[in-house]
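Here's the structure, in structure tokens; my notes come after.
The values are calculated or read from the model by the stated rules, or taken from the named source; none is laboratory data. Treat the numbers as computed from the prediction; the structure is a model and nothing was measured. Cβ placement follows ideal geometry from the backbone for every residue including glycine, while neighbour counts extend to all protein chains displayed. Ligands, DNA and RNA are excluded from the accessible area calculation, which covers all protein heavy atoms including side chains. Shrake-Rupley method; radii C 1.70, N 1.55, O 1.52, S 1.80 Å.
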Amino acid sequence: QVQLVESGGGLAQAGGSLRLSCAASGSIVSIPTMGWYRQAPGKQRELVATSTTSGRTNYAESVKGRFTISRDNAKNTVYLQMNSLKPEDTAVYYCYAVVLSAVSESYRNSWGQGTQVIVSS
């Protein structure tokens, strides 16, 4: 079983910064992809950013230039540095990982419980 535990959400003013962290634990062989999604009230969950073990990153257009995703592969941890926050960044942010499980010996998608980010204007 794989667990993703997020931290770092909270309240920020527009123009401010927050940093999210997500640590994966459990029977893990490797984590090819880690990233972040978000879901605002009344909206569908959407991709924010992803990162592969090779260092390839992908960002939603709405966050490019403001958010930076990074990983510590040795710690199975992914970070999301969010700068120049806007009220429209308000959402629940979910950590996401594609994990090669040592138990099932297969790839599976895993999700964190979510962390709330609120940006006030």
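Points to keep in mind about this one:
- In the stretch 1-86, counting only strands (runs of 3 or more DSSP E) that sit wholly within it, the ones holding 1 or more residues that are among the hydrophobic types (A, V, I, L, M, F, W, C) span 2-7, 10-13, 18-26, 28-39, 46-52, 67-72, 77-82.
- Test: residue in the stretch 107-121 that is loosely packed, with under 15 Cβ neighbours inside 10 Å and touching a Pro at 6+ places or on another chain (Cβ under 6 Å): yes
- Scan the stretch 57-71 for residues that are open to solvent by less than 60 Å² (accessible area, probe 1.4 Å) and closer than 14 Å to residue 8 by Cβ and the total you get is 3.
- Among (1) within 12 Å of the chain's Cα centre (by Cα); (2) open to solvent by less than 50 Å² (accessible area, probe 1.4 Å); (3) not hydrophobic (A, V, I, L, M, F, W, C), the one test that residue 90 misses: (1)
- Residue 77 passes every criterion in (1) crowded, with 16+ Cβ neighbours inside 10 Å; (2) over 15 Å from the mean Cα position of the chain (by Cα); (3) more than 16 Å from residue 10 (Cβ to Cβ) apart from (2).
- Qualifying positions in the stretch 34-73 - among the basic types (Lys, Arg) and touching a helix residue (DSSP H, G or I) at 6+ places or on another chain (Cβ under 7 Å): none
- Inter-residue pairs, beta-carbon under 7 Å, first over 19 Å from residue 77 (Cβ atoms) and open to solvent by less than 80 Å² (accessible area, probe 1.4 Å) and in the stretch 29-56, second of a type in the set (A, V, I, L, M, F, W, C) and part of a strand (DSSP E or B), 6+ apart: 39/91; 39/92; 40/91
- For the stretch 87-119, a tally of residues being part of a loop (DSSP other than H, G, I, E, B) and more than 16 Å from residue 23 (Cβ to Cβ) returns 6.
- All of (1) more than 11 Å from the chain's Cα centre (by Cα); (2) loosely packed, with under 15 Cβ neighbours inside 10 Å hold for residue 2 with one exception: (2).
- Subset of the stretch 93-106 (residues that are open to solvent by 10 Å² or more (accessible area, probe 1.4 Å) and over 14 Å from the mean Cα position of the chain (by Cα)): 100, 102, 103, 104, 105, 106
- Where a residue in the stretch 101-117 is within 16 Å of residue 82 (Cβ to Cβ) and its partner, wherever it lies, is among the aliphatic types (A, V, I, L, M) and part of a loop (DSSP other than H, G, I, E, B), with Cβ under 9 Å and at least six apart: 117/85
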